[in-house]
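Participant: One structure, pasted below without further comment.
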Ligand code: GRF
């Protein structure tokens, strides 16, 4: 079976990229064919290099407009035959045109249980709100930031004494399980979007909720 050709877009550390790299063993239904960073110094590029994955920097600073930057992204992705784009700590808002062009082929991970706490400083805001459960969401990207059909969620407890850094670290462990699960479901062709909700096709649908991962 042909493996789904995936690109991962990063801006920084790349721990989710690394989790996806480790998931994409030869028997996995997806392969990471391209990694793009919008910052030359993105530490995650080293993960791609180590895994012998094609990687390049497309810096937003080299373009006069968001449209021009997104056009360069699109060209690189299409040129590499990419079928699915995974945003993993990619800190640029994409234009509506790009999002529409990649509709249901563009996914993101956000470190909250969406639709709660989209955007930046999500852990601090969750703590301020006094929530008892936190987590992460893998979702298809829509024009609005951190919105779109939910593919997988992973939940972790908020513990006494948590600060934003402690909570972020616990959620990150969950992220590294949630993104591989979402990628597997998509690559197996089991994910369908109906009425802006995700449905899983086929027999014995696995749980899309990861609860308190070890
Ligand atoms: C993750 O928390 C991700 O959910 C958010 O940005 C962070 C990126 O971390 N969008 P990393 O670069 O994958 O380590």
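Participant: So which residues in segment 142-153 are buried (at least 23 other Cβ atoms within 10 Å of the Cβ) and under 20 Å from residue 121 (Cβ atoms)?
Facilitator: none
Residue by residue, here is whether (1) assigned to a loop (DSSP other than H, G, I, E, B); (2) in contact with a strand residue (DSSP E or B) (Cβ under 9 Å, 6 or more places away or on another chain); (3) in the same structural domain as residue 8 (by TED's automatic domain parsing); (4) farther than 27 Å from residue 82 by Cα holds:
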{"site": "115", "(1), (2), (3), (4)": "yes, yes, no, yes"}
{"site": "123", "(1), (2), (3), (4)": "no, yes, no, yes"}
{"site": "127", "(1), (2), (3), (4)": "no, yes, no, yes"}
{"site": "134", "(1), (2), (3), (4)": "no, yes, no, yes"}
{"site": "148", "(1), (2), (3), (4)": "yes, yes, no, no"}
{"site": "151", "(1), (2), (3), (4)": "no, yes, no, no"}
{"site": "160", "(1), (2), (3), (4)": "yes, no, no, yes"}
{"site": "165", "(1), (2), (3), (4)": "no, no, no, yes"}
{"site": "175", "(1), (2), (3), (4)": "no, yes, no, no"}
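Participant: For residue 146, state whether it is in contact with a helix residue (DSSP H, G or I) (Cβ under 8 Å, 6 or more places away or on another chain) and without any contact (Cβ under 8 Å) to a residue 60 or more places away in the chain.
Facilitator: no
Participant: Something else about it: Tally time: how many residues in segment 1-20 are in contact with a helix residue (DSSP H, G or I) (Cβ under 7 Å, 6 or more places away or on another chain) and within 11 Å of the ligand (Cβ to nearest atom)?
Facilitator: The total comes to 9.
Participant: Considering 53, 36, which residue is at pLDDT 95 or above, assigned to a loop (DSSP other than H, G, I, E, B), farther than 15 Å from residue 109 by Cβ and within 16 Å of the ligand (Cβ to nearest atom)?
Facilitator: Exactly one residue qualifies, and that residue is 53.
Participant: Return yes when residue 28 is outside the structural domain of residue 170 (by TED's automatic domain parsing) and away from the ligand (no atom under 11 Å from the Cβ) and no when it is not.
Facilitator: So residue 28 passes the test.
Participant: When the residues of segment 84-94 are filtered to those that are touching a helix residue (DSSP H, G or I) at 6+ places or on another chain (Cβ under 9 Å) and surrounded by fewer than 18 Cβ atoms within 10 Å (Cβ to Cβ), which remaining residue is farthest from residue 150 (Cα to Cα)?
Facilitator: Among residues in segment 84-94 that are touching a helix residue (DSSP H, G or I) at 6+ places or on another chain (Cβ under 9 Å) and surrounded by fewer than 18 Cβ atoms within 10 Å (Cβ to Cβ), the one farthest from residue 150 (Cα to Cα) is 92.
Participant: Right, another one. Of everything in segment 39-50 that's within 15 Å of the ligand (Cβ to nearest atom) and not in a helix (DSSP H, G or I), which residue is nearest to the chain's Cα centre (by Cα)?
Facilitator: Among residues in segment 39-50 that are within 15 Å of the ligand (Cβ to nearest atom) and not in a helix (DSSP H, G or I), the one nearest to the chain's Cα centre (by Cα) is 44.
The values are calculated or read from the model by the stated rules, or taken from the named source; none is laboratory data. Everything numeric here is computed off the predicted structure, so don't read it as measured data. Cβ atoms come from the backbone with ideal geometry, glycine included; neighbour counts cover every protein chain shown.
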